[in-house]
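Note sheet for the following structure.
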Amino acid sequence: MNYRLLAPFASLFLSAFLMFAAIGLTNLIIPLRAGVEGWSAGTIGVIGMAQAIAFTAACFLMPVQIRRVGHIRTFAAIQTVLAASIILHGLVVSPWAWALFRVLAGLAAAGSYMVLESWLNEKAEPANRGFVLSAYLIVTMVGLTAGQYAYTLFEIGDGRLFQLTALLFGAALLPMTLSVSPSPVPPETVKLDLNGLFARSPVGFVGALLSGFLFGVWNYFAPLYGQRIGLSSVATATLVSAAMVGGMLAQFPFGRLSDRIDRRYVMAMIGAVGAVVCLFLSMAAPQSALLNMMGTLMIGMALFPSYSIAVAHTNDHANADEFVQVSGSLLITYGIGTMVGPVIGGQLFSLIGPIGLFVSLGTTFLAYGSYAYWRTTRREAIAPEERDDFQAVPVTPFQTQQVYELDPRQDESGPVEQEEAAA
């Protein structure tokens, strides 16, 4: 593969790396600093829900903003909002204030993903788009991991962590705003049709909802779990990163298997793996950093492919002119799950302690796999040769990412929103 194909995207990749490093750092310091302040897990869950609600709402609002002022100005504005919101966390240490600041961050994060990925998809040639998107996914994962380890530079109660995060968000402005590449055409707003989504693919609807629940719990309480069982800063960062490594290892094997057999059987396998690992961890309650990292690696192998397979299965049942509507509806369904997850997960964490993380995850994995298997008895599978090939859908720490593809009914200047898995 000719890696010179990535040269036109260097500035975009650098902006993405810096922004995701800031996001990775944010995802650790918010729940961990809240834990240091003595806030309950339920309170932390409400903070996470506020962010999820804002992000989901922004999926409707941000396309309007991008259409009004363009991609570059929108990206500059929202990176400024992200930097300001994280600084405010250090200035006003209050649960309700943090919930408000997370609303600002959720709104801005949605716009950031839309700008980066619509730019990426429009400028990539169709023949090389998969390679470019894979490179982008690697950049985001490396950025997240770097940010998570950056939190070990200072004590969790040190305000300089907020300052470092704000600097990273601010630095992400420079490559994008100084780029000489033409800005892409603004995206179109996606019509929401949850009833139609469920009628088309019940297992896709439920799978996306439960996947959102899983990520909502994981993003806020995995770092808090490491803190509560006494892991060091480095071990906690590695605990969270291990899940991402597991996800990268399992994403394509599970995906390719789903191309060959009924995808619902693969979803059932994912649910079984996640439920068994969580059952073991909740019963064993290991204190060893190594055992916990091995466990979270295996959780990540089930967690990260869960949404991609649900998206792929849903699009098997969609017509070509329905991909945009389906992908937008899946995104909102996933978002609803991320709203509910932190609240319920937080209550379990408060009631039964750190193992509440694995109880909430394991129960949800069980429901995810069981429902997928039950649906195999209710509806015939589509033959593999009649389906599109699986493609991984990257999932961000905030929400699933949106990507924009060219609509075959338009010329090459008119991108519309579409999930990568629907390609």
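The values are calculated or read from the model by the stated rules, or taken from the named source; none is laboratory data. A quick note: this is a predicted structure, and the numbers were derived from the prediction, not measured. Cβ atoms come from the backbone with ideal geometry, glycine included; neighbour counts cover every protein chain shown. Just the protein is used for accessible areas: all its heavy atoms, side chains included, with ligands, DNA and RNA removed. Shrake-Rupley method; radii C 1.70, N 1.55, O 1.52, S 1.80 Å.
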Determine, yes or no, whether T236 is touching a helix residue (DSSP H, G or I) at 6+ places or on another chain (Cβ under 7 Å), modelled with pLDDT under 90 and of a type outside the set (A, V, I, L, M, F, W, C).
no
Those residues of the range 205-249 which are of a type in the set (S, T, N, Q) and within 13 Å of the chain's Cα centre (by Cα) amount to S211, N219
Condition check: surrounded by 16 or more Cβ atoms within 10 Å (Cβ to Cβ) and of a type outside the set (D, E). Does A77 satisfy that?
no
Checking Q287 against (1) at pLDDT 90 or above; (2) at negative phi; (3) open to solvent by 10 Å² or more (accessible area, probe 1.4 Å); (4) not aromatic (F, W, Y), which test does it fail?
(1)
Hits in the range 235-256 (condition: open to solvent by 20 Å² or more (accessible area, probe 1.4 Å) and more than 16 Å from F215 (Cβ to Cβ))
T238, V245, L249, F252, P253, F254, R256
Tally up the residues in the range 1-40 that are within 21 Å of the chain's Cα centre (by Cα) and under 26 Å from W98 (Cα atoms), please.
18
Does any residue in the range 150-179 that is closer than 25 Å to I72 by Cα come within less than 9 Å, Cβ to Cβ, of a residue that is open to solvent by 30 Å² or more (accessible area, probe 1.4 Å) and in a loop (DSSP other than H, G, I, E, B) six or more places away or on a different chain, and which pairs are these?
L164/F154
Q163 vs (1) open to solvent by 50 Å² or more (accessible area, probe 1.4 Å); (2) assigned to a loop (DSSP other than H, G, I, E, B); (3) at pLDDT 80 or above: all pass except (2)
Would you check which residues across the range 92-130 are more than 22 Å from A76 (Cβ to Cβ), modelled with pLDDT of 85 or more, part of a helix (DSSP H, G or I) and open to solvent by 10 Å² or more (accessible area, probe 1.4 Å) and list them?
P95, W96, A97, A99, L100
Is it the case that some residue within the range 63-82 is of a type outside the set (V, I, T), in contact (Cβ under 8 Å) with a residue 40 or more places away in the chain and within 30 Å of F349 (Cα to Cα)?
yes
Could you tell me which residue of the range 320-360 is modelled with the highest pLDDT, considering only residues that are among the hydroxyl-bearing types (S, T, Y) and farther than 14 Å from A57 by Cα?
S360
